[in-house]
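**Student:** Before we start, here is the structure in question, set down as structure tokens.
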Amino acid sequence: MKITRLKTAVVEGNFDWTFVRLETDEGLRGLGECFFAPGLTAILRSLEPLVVGEDPRDIHRLFRKLRLATSGAGSIAGIIYNAISGIEAALWDLLGQSLGVPIYRLLGGKFREKVRIYADCRGGEALECLDEVLRTRPARWVSRDPAAHVAKDYFGEASDEPRSSPDEYRRRALAMKAQGFTALKFDFDVPGTEGADPYNRELSNRAIDYGVGLIAAAREAVGVDIDIAVDCHWRYNPSDVVKVARELEPFRPLWLEDPVPPENVAALKEVNAKVRVAIATGENLFLFEGFQGIIAQHALSVVTPDLQKVGGLAVAQSIAQFADVHSMPIAPHNISSPVGTLAAAHFCASIPNFLALEFHASEVPFWDDLVTGVPQPLIQGGFIHLPERPGLGVALNEEVARRYARKGEAFFA
Ligand code: MG
């Protein structure tokens, strides 16, 4: 079997869901999803000649080939790997289809029949739709005048928006619990907690009290049996975020995510050593090498690679094995469509040390409609039951995808 074409399409969900399709001379088509990035489809187009003519079943060799070819441009990490992650996932889909087995089987089989999903609840109820440089944009699926939309930066603006309220957190937590989710995640860094200076990583006492009050409201609403993780989006300095963690202790968070910049291992280690809350990080890290040091040094407690960015399913497996040796659970970050979510679910089923997989798109009304071939909805009662169909187990519903395709981008052309 030989790859004949690499094609792309971009769908505007709450983020740009970027799809890679590998076509072959035997008529099989492999589907993968990439984490968004500026210029991502141009990168994918550049990689096409490297895979055309290759046997898609040589997954590890093709990964190495792509890695070597981009080593000058991308060197040891970066958005080149957003592209490679999607290609690698499409290769697994092709291998599974060619052998007639699901991806989890190729990854060594499953530890569990169903994969636990946690619902990202962000900062409450406001709809969030972000472009590739994290500016807000009007969501295409909401009837609203796009001309009236004022784009805002996700980072770097001291916000004059109203803050999220404890009531919002309470309502959101109860709504997700009612859907069957056993684990939730809320943002600590809601607008209004940046302080007067959004750049200096500082947290005022007032901001700490406010954020802790939000989490307290969610905890009070759902009781002790629902897990609640808390995200800081790498905004703070170690000493301030240690104060946060100590205040959050009574509410028993599942983890505190990205308290400090993930590339600062010393700061991460300092926070992890000083608090009694599990520290999670990983969504900004690439490849096994990105995780090797922080895991070996026990600078974190929960490992959160993003399968659409980290380098692919095989890379994620090597990270999971290393984390397991260090007695750390894996809770993959995930903002993808059902395509990427399902690829991640195959991986989650195949590792012993799985904790929970993220779902970030509960407001997107067409999320489930984007794929065919699995029972709807894909997430039932807070879990994904693994499909037994060959490969990834789903096909993209191109009619729906085309309806929300990003303008100016190719649609599998
Ligand atoms: Mg996060």
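**Student:** Using only DSSP helix segments of four residues or longer, with each worth -39500 (n - 2.57), what per-residue ellipticity at 222 nm results for the chain after dividing by its residue count and rounding to 500? All intermediate terms of the calculation are to be shown ahead of the outcome.
**Tutor:** Details: 13 runs with 145 residues, N = 413.
Helices in the chain give a 222 nm mean residue ellipticity of -10500 deg cm²/dmol.
**Student:** Step through the residues of the range 353-368 one at a time and calculate ³J(HN,Hα) from phi using the Karplus curve (6.51 cos²θ - 1.76 cosθ + 1.60, θ = phi - 60°), rounding each to whole Hz and writing x for Gly and Pro.
**Tutor:** In residue order, the calculated couplings are 9, 7, 10, 6, 10, 6, 10, 10, 10, 5, 8, 7, x, 9, 3, 5 Hz.
**Student:** Does anyone have the angle between helix 265-274 and the longest principal axis of the chain? Alpha-carbon axes, 0 to 90°, nearest 10?
**Tutor:** Taking Cα atoms only, the helix is inclined about 50 degrees.
**Student:** What is the percent carbon and sulfur in the accessible area of the range 325-407, measuring with a 1.4 Å probe over the protein chains and ignoring ligands? All intermediate terms of the calculation are to be shown ahead of the outcome.
**Tutor:** Working: 1460 of 2760 Å².
Taking all protein chains in place, the range 325-407 shows 53 percent carbon and sulfur surface.
**Student:** Same structure again: In whole Hz, what ³J(HN,Hα) sequence does the range 297-302 give by Karplus (6.51, -1.76, 1.60; θ = phi - 60°), x for Gly and Pro?
**Tutor:** With coefficients 6.51, -1.76 and 1.60, one gets 8, 6, 7, 8, 10, 10 Hz.
**Student:** If you average the C-alpha positions of the range 276-307 and of the range 239-261 separately, how far apart do those two centres end up, in angstrom?
**Tutor:** Result: 16 Å between the Cα centres.
**Student:** How much length would be gained if the chain were fully extended between Glu388 and Asn264, taking 0.36 nm per residue of separation minus their Cα-Cα distance, in nm to one decimal? All intermediate terms of the calculation are to be shown ahead of the outcome.
**Tutor:** Numbers: separation 124, 0.36 × 124 = 44.64 nm, distance 4.14 nm.
Difference between extended and current length: 40.5 nm.
**Student:** Could you tell me the calculated FRET efficiency between Glu26 and Arg276, based on Cβ-Cβ distance and R0 = 45 angstrom, to the nearest 0.05? Working shown, then result.
**Tutor:** Numbers: r = 55 Å, r/R0 = 1.23.
Working from the Cβ atoms, E equals 0.25.
**Student:** Within the range 23-37, which residues have the backbone N less than 16 Å from the label spot 7 Å out from Lys2 along Cα→beta-carbon, could you tell me?
**Tutor:** Once the point is set 7 Å along Cα→Cβ of Lys2, 23-28 turn out to lie under 16 Å by backbone N, inside the range 23-37.
**Student:** Turning to a different aspect of this structure: Given a 1.4 Å probe, how much area per residue of the range 246-387 is accessible, in Å²? Provide the component values of the computation, followed by the final result.
**Tutor:** Working: 4330 Å² over 142 residues.
Accessible area per residue: 30 Å².
**Student:** Order the peptides 217-224, 182-189, 128-135, 274-281 from the highest to the lowest mean number of other Cβ atoms within 10 Å of their residues. Could the numbers behind the result be given before it?
**Tutor:** Details: 217-224: 17.8, 182-189: 23.9, 128-135: 15.4, 274-281: 21.4.
Ranking the peptides 217-224, 182-189, 128-135, 274-281 by packing returns 182-189, 274-281, 217-224, 128-135.
**Student:** Further question: What is the projected area of the convex hull of the Cα atoms of the range 1-100, averaged over all directions, in nm²? Don't jump to the answer; show the numbers that get you there.
**Tutor:** On the way: hull surface 24.2 nm².
Orientation-averaged projected area of the Cα hull: 6.1 nm².
**Student:** Express in nm, to one decimal, how much length is gained between Lys243 and His149 on full extension, taking 0.36 nm for each residue of separation and deducting their alpha carbon distance.
**Tutor:** Values: separation 94, 0.36 × 94 = 33.84 nm, distance 3.68 nm.
Full extension from Lys243 to His149 adds 30.2 nm.
**Student:** Of all beta bridges DSSP finds with both residues in the chain, what is the antiparallel percent, to the nearest 5? Display every interim value, and only then the final one.
**Tutor:** Numbers: 25 of 45 bridges.
Expressed as a percentage, antiparallel bridges in the chain total about 55.
**Student:** A further question follows. Could you give the nm distance between label points at Glu399 and Arg252, where each point is 7 Å from its Cα heading toward the beta carbon?
**Tutor:** So the label points at Glu399 and Arg252 sit 4.8 nm apart.
**Student:** Also, quick follow-up: Can you give me the angle between helix 166-178 and the longest principal axis of the chain, using Cα atoms only, in degrees from 0 to 90, rounded to the nearest 10?
**Tutor:** Once rounded, one gets 40 degrees.
**Student:** Let me see the pair-distance distribution of the range 114-391: every alpha carbon pair, 5 Å bin width, integer percents in order.
**Tutor:** So the P(r) values, bin by bin, are 1, 6, 12, 16, 19, 18, 15, 9, 3, 1, 0.
**Student:** With θ set to phi - 60° and the Karplus curve 6.51 cos²θ - 1.76 cosθ + 1.60, what are the ³J(HN,Hα) couplings of the range 73-84 in order, to the nearest whole Hz, using x for Gly and Pro?
**Tutor:** After applying 6.51 cos²θ - 1.76 cosθ + 1.60, I find 6, x, 6, 9, 5, x, 5, 3, 6, 4, 5, 5 Hz.
**Student:** Using the structure shown, select from Lys185/Lys274; Lys2/Lys309; Lys269/Lys309; Lys110/Lys407; Lys177/Lys309; Lys65/Lys185 the pairs with a Cα to Cα distance greater than 32 angstrom.
**Tutor:** Check vs 32 Å cut-off fails for Lys110/Lys407; Lys65/Lys185.
**Student:** Hey, another quick one. Could you give the length gained on full extension between Ile76 and Asp131, defined as 0.36 nm per residue of separation minus the Cα-Cα distance, in nm?
**Tutor:** Numbers: separation 55, 0.36 × 55 = 19.80 nm, distance 2.52 nm.
Gain on stretching Ile76 to Asp131: 17.3 nm.
**Student:** So what is the accessible area of the range 19-148 per residue, in Å², with the probe set to 1.4 Å? Don't skip to the end; give the middle numbers.
**Tutor:** Values: 5470 Å² over 130 residues.
Per-residue value: 42 Å².
**Student:** Rounding to the nearest 20 debye, state how big the charge dipole of the chain is about its Cα centre with +1 on each Lys and Arg Cβ and -1 on each Asp and Glu Cβ. Mind dumping the intermediate values first?
**Tutor:** Numbers: 44 positive and 54 negative charges, 157 e Å.
Dipole about the Cα centre, nearest 20: 760 debye.
**Student:** Under 8 Å for C-alpha pairs, at least 6 residues apart: give me the relative contact order for the chain, rounded to a whole percent. Mind showing how you got there, number by number?
**Tutor:** On the way: 894 pairs, mean separation 87.2, N = 413.
Over the chain, the number comes to 21 percent.
**Student:** Once you charge only the Cβ atoms, +1 for Lys and Arg and -1 for Asp and Glu, what is the size of the charge dipole of the range 173-295 about its Cα centre, to the nearest 20 debye?
**Tutor:** It works out to roughly 340 debye.
**Student:** Among 380-392, 249-261, what's the highest-first ranking by average C-beta atoms within 10 angstrom per residue?
**Tutor:** Packing proxy ranking, top to bottom: 249-261, 380-392.
**Student:** Going by amide H atoms built from the backbone, whose H comes under 5 Å of the H on Glu358, apart from near neighbours?
**Tutor:** Those lying under 5 Å, H to H, from Glu358 are Tyr118, Asn334.
The values are calculated or read from the model by the stated rules, or taken from the named source; none is laboratory data. In this text the structure is predicted, and so the values were computed from the model without any measurement. As a convention, Cβ positions derive from the backbone with ideal geometry for all residues, glycine included, and neighbour counts pool all protein chains shown. These area figures cover heavy atoms from the full protein model, side chains too; ligands, DNA and RNA do not enter into them. Shrake-Rupley method; radii C 1.70, N 1.55, O 1.52, S 1.80 Å.
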